[in-house]
Each structure stands twice: as C-alpha cells, then as structure tokens.
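Peer 1: I am attaching a structure below and will ask some questions about it afterwards.
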Amino acid sequence: MKASAFVYPWDVNGDPEAAGRIAGLGVGQVTLASAYHSTRALTPRHPRHRVVTAEHAAVLYPPGKRWAGRVPRPYAAGDWAPGDAFGEAAGALADAGLEVHTWVVLAHNSRLGAEHPDTSVVNAYGDRYPWAPCIAQAGTRAYLVDLAAEAAVRPGARGTELESLGWYGLAHLHAHDKTAGVGLGDAGQYLMSLCFCPACRDGYGARGLDGAELASSVRTALEPVWRGAPSDGGWAGVSELLGEASANATRAWREETARTLQEAAVGAVRRAAPEGFQVLLHADPVSYHCGANAGVDPAHILGVADGVVVPCTGGAGLLSPFAREARGGAVLAANFTVVSGMGGSPAGLAADVVEARRLGATELRLYHAGLAADADLEAVRG
C-alpha cells in the first residue's frame, strides 16, 4: 500500500538529515507544499530553528511570468521559504529515493482577502471572510485555475494533491479563533457559509431566488440558533431552517460552481503536466460541506481527477461513499494525522490502516512528518 508523508520545504531545507529521516519512515512518497496558507509550525528537529511563521499565503517557489500585471496573483514567500524553497527541498527528497508530489492550497488565502476585500465570501449579515475567496467570481476562478497548474506542475514532481478546491466558509481554524460559543451544527455552518457577493446573488437569481430576500431568510432562520436552539440534522436541518425549495436552489448553485471550477483546475493541471502525472483532490463526500477538504459528489469527482485524499483521523467512514463509485485504478488515499499533539494516534496506525483498507483505501497519507515528535515518528516507522 503506497504511503506518502506531508512535508513543508522548511522541514528539509537547512537540515541535511531531514530527507533521509523521512525516507527512513518507510514511505515511498512525500507530498511537499508548493503553495500554502499562513501558518505557525514547529520544526522540532531542525538544526537552525524550532518555529517557522509563514506570515501569509504564498507560493514556495518564484512565481512565473504569467502573473505580470494581473490581480489577483500569488504572493512570493518571505524569509520562511526564500527563493525556490520547493525546488531545493524536492531535490533533497528525490536524492533520498522519495517520489515527490506537490501539495497545493487554493481557495484559502487571508492576505488576498485583506488586500482585495471584494474577492471574499460575504455572509448574509454582510460580514466578509477574508480567508475564503469566493469561487463564483470570474477573476478569482481564473486565478485559482492558473495557480493550480503552476503550483502543481513543479520540476521533478510526479503528481499533485489539490487542497481547498471548492467553497471555504465560516470554519477556518483562524488564529485565536473564538467562534465556538454557539453550536451552529452542520446546518448553521452551511447558512453562515452562504455567499452574498454580487456574483453569488446573480447565481441565486438565475435559480429563481432574490438575493436580498434570501439573505433576510437566512438571518431569520438563524435567530433561534443564536438564542441556543439546536441546529443540526445535516441537509434536512438546512431545509427545515431555510425551506426546501430555497435550500435546494442554493445548493444547486454552489455545487455547480464548485464542480466547474474543479473541472477547469484539473484540466489546466493536466495540460501543463507530463504524461502519467497524478492529480488528486482533498475531498469530503458530502457535497455541501466547506473547507480544506472540498465537498464533492463522489461519482463526479472520480470522473474528473485520478482520485481523492480523504480525512480519516478518528474514523475512516468517509471513504465508503468514494469506494462505492471508484472504478479502474481510482486512488482513495486515507489521510491520518500522526501528530499526537494535534489529535492523531500514531500508535494505532496499523489498526487504522487495516480498517481503511477494508473500506476501500488504496493509498495512505500521513500528516505530518515535519510536525510530529520523535516518538510519533518512531510509531509510524514501526
């Protein structure tokens, strides 16, 4: 069963032991970040530093000439990943015998939203989510498609994993996040993630909904939730809060928007890539979900990409909807957190993998070789 470990360039560059240590885990592949969001990350074994602060979303290589004069465009990294940090790390990892695939974060970019507020998702109250570019806007879509192709197809890479290729919403894992005081549940999260920018209002209008009336309906539906009424029940809960016809119309708009973006981005990657280049999406089989693991229709996405990377920490049940639709060599990669301090259980990895294989997993992903403590890596190696 092929296994890959997630890695940042700063885990490798400047540490002559890093590539060999990762290869020593027994994995045959690394999924190396080439475009990533802002983060603060430990580097517990690096000889030069212990904490890396990536101040904003950036590409971890010199952006190409295609971006000259364009807005939006990707930002180069600062001193946390200078120059062609990806290329330097990829070379060291390949020299250690590892196959390198790119890890590309797309519709998750707080700096873009801060500098170009009109690109952001706007909720029913008029609040902007600067971390969440609205994927319905033509300029944003063009940016994401070109970024996917450039960041995915780096020299030496044999494949890519595209993260956040869909709607982002309220949930963010934001620094010092304080949004858990009210239990929104699945339904409340959906309503708070609906976008009301001009492009989305036009999209709702094409499906018979007035944008202003819909926003008012969302606010009315959420009033009991703010007062403590339970909000859950999955899609049935959304339909109950918003009304079935309106709920279905918003979902149809959002699903079409995400599907066509995914098709365009994967197509752009394939046109830029050599033959045999593998394209996977980080995905959730519930199509109305938002976030890093984009909500998808399993049958559709497995007809577009070569496969999916599925979050399995805490249980591998999300594999099953993909397994039912998988045909002829589709990759179903089970993604397990192996950092104990981040909720992972590396000591139970063997049993978790057995269960994931039973549910249809064909490959394994380990998050994250750079962040894990020595004891966690020893458990993974075992």
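Peer 1: Could you grab me the full set of residues in region 159-201 that are touching a residue at least 24 places away in the same chain (Cβ under 8 Å), under 13 Å from Ala132 (Cβ atoms) and exposed (fewer than 15 other Cβ atoms within 10 Å of the Cβ)?
Peer 2: Once the filter is applied, which keeps residues that are touching a residue at least 24 places away in the same chain (Cβ under 8 Å), under 13 Å from Ala132 (Cβ atoms) and exposed (fewer than 15 other Cβ atoms within 10 Å of the Cβ), region 159-201 yields only His174.
Peer 1: Right, something else. For Tyr204, indicate whether it is closer than 22 Å to Val296 by Cβ, without any contact (Cβ under 8 Å) to a residue 60 or more places away in the chain, surrounded by 22 or more Cβ atoms within 10 Å (Cβ to Cβ) and of a type in the set (Phe, Trp, Tyr).
Peer 2: Yes: the conditions hold for Tyr204.
Peer 1: For Pro155, all conditions in the list (1) surrounded by fewer than 19 Cβ atoms within 10 Å (Cβ to Cβ); (2) at pLDDT below 95; (3) not in a helix (DSSP H, G or I) hold save one; what is the number of the exception?
Peer 2: Going through the list (1) surrounded by fewer than 19 Cβ atoms within 10 Å (Cβ to Cβ); (2) at pLDDT below 95; (3) not in a helix (DSSP H, G or I), Pro155 breaks only (2).
Peer 1: Can I ask one more? Can you work out which of the residues in region 99-139 that are open to solvent by 30 Å² or more (accessible area, probe 1.4 Å) and of a type in the set (Ser, Thr, Tyr) is nearest to Leu194 (Cα to Cα)?
Peer 2: Here the answer is Tyr125.
Peer 1: If Ala142 satisfies all but one of (1) farther than 22 Å from His282 by Cα; (2) open to solvent by 30 Å² or more (accessible area, probe 1.4 Å); (3) outside any loop (DSSP other than H, G, I, E, B); (4) small (Gly, Ala, Ser), what's the number of the condition it fails?
Peer 2: Every condition holds for Ala142 apart from (1).
Peer 1: Still on this structure, please answer the following. Please go through (1) open to solvent by less than 10 Å² (accessible area, probe 1.4 Å); (2) outside any helix (DSSP H, G or I) for Val225 and return the number of the only condition it doesn't satisfy.
Peer 2: Of the numbered conditions (1) open to solvent by less than 10 Å² (accessible area, probe 1.4 Å); (2) outside any helix (DSSP H, G or I), the odd one out for Val225 is (2).
Peer 1: Checking Val122 against (1) over 19 Å from Pro9 (Cβ atoms); (2) touching a helix residue (DSSP H, G or I) at 6+ places or on another chain (Cβ under 7 Å); (3) touching a residue at least 40 places away in the same chain (Cβ under 8 Å), which test does it fail?
Peer 2: Exception for Val122: condition (2).
Peer 1: Let me ask you something else. Looking at (1) modelled with pLDDT under 95; (2) farther than 30 Å from His101 by Cα; (3) in contact with a strand residue (DSSP E or B) (Cβ under 9 Å, 6 or more places away or on another chain), can you tell me which one Cys197 breaks?
Peer 2: Unmet condition: (1).
Peer 1: Outside any loop (DSSP other than H, G, I, E, B), aliphatic (A, V, I, L, M) and crowded, with 16+ Cβ neighbours inside 10 Å: is that true of Leu209 in this structure?
Peer 2: Details: outside any loop (DSSP other than H, G, I, E, B): no; aliphatic (A, V, I, L, M): yes; crowded, with 16+ Cβ neighbours inside 10 Å: yes.
Answer is no for this residue.
Peer 1: Quick one: in region 359-371, of everything that is in contact with a Leu (Cβ under 7 Å, 6 or more places away or on another chain) and among the hydrophobic types (A, V, I, L, M, F, W, C), which residue is surrounded by the fewest Cβ atoms within 10 Å (Cβ to Cβ)?
Peer 2: Leu359
Conditions tested, residue by residue: (1) among the hydroxyl-bearing types (Ser, Thr, Tyr); (2) open to solvent by less than 30 Å² (accessible area, probe 1.4 Å).
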residue	(1), (2)
Gln29	no, yes
Leu32	no, yes
Tyr61	yes, yes
Lys65	no, no
Gly69	no, no
Ala81	no, yes
Phe86	no, yes
Leu93	no, yes
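Peer 1: Let me ask you something else. Would you point out the residue of region 1-26, among those that are outside any helix (DSSP H, G or I) and of a type in the set (A, V, I, L, M), that is surrounded by the fewest Cβ atoms within 10 Å (Cβ to Cβ)?
Peer 2: So the residue we want is Met1.
The values are calculated or read from the model by the stated rules, or taken from the named source; none is laboratory data. These figures come from a predicted structure and were not determined experimentally. Don't worry about glycine lacking a Cβ; one is built from the backbone with ideal geometry, like all the others, and counts go over all protein chains shown. Just the protein is used for accessible areas: all its heavy atoms, side chains included, with ligands, DNA and RNA removed. Shrake-Rupley method; radii C 1.70, N 1.55, O 1.52, S 1.80 Å.
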